1. Working out 0.36 nm times the residue gap between residue 51 and residue 77, then minus their Cα-Cα distance, what length gain in nm do you get to one decimal?
2. Rounded to the nearest 0.05, what FRET efficiency is calculated for residue 30 and residue 88 with R0 set to 25 Å and r the Cβ-Cβ distance?
3. What's the carbon and sulfur percent of the stretch 13-63's accessible surface, probe 1.4 angstrom, rounded to a whole number?
Amino acid sequence: AIKRPESEMARLTHNDYLEQASDSGFPAAALYLGLMAVGLSRAWRVARKDQVDFAVWLGLLGWALQSLIEFSLYIPALAWPAFALLGWLWGRQQNEAQPVPESAPDPLKPLDKRRSPA
């Protein structure tokens, strides 16, 4: 009743997932849905170990669920930080997967005690 039928906001679906399907087709909608599902499930592995990571993951889950009734992908100030935080959680998972070698020398210890500076 407020917007005219030909205005852009009246023509958009109020759902990111349906909007992707209507704008880009079914393959793009499936890829986007897969990105969100796999991204959140992989990020959960990191998020359950740390409170800050869990808070970020919980915010991303809320954003993904809110996308069922809102189209936040069209607002870059909402979409870009969400994808950046999702990438940050993925990067933290990669860093945890690479173990630090036990034989790495301690840079603060002198190599030879006899030659240590006096």
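The values are calculated or read from the model by the stated rules, or taken from the named source; none is laboratory data. As the structure is a computational prediction, the values presented were derived from the model and not from experiment. Neighbour counts run over all protein chains shown; Cβ positions are idealised from the backbone, glycine included. When the accessible area is computed, the model is the full protein with side chains, heavy atoms only, and any ligands, DNA or RNA have been set aside. Shrake-Rupley method; radii C 1.70, N 1.55, O 1.52, S 1.80 Å.
1. 6.9 nm
2. Numbers: r = 25 Å, r/R0 = 1.00.
The value I calculate is 0.50.
3. Values: 2010 of 2930 Å².
It is 69 percent, rounded to a whole number.
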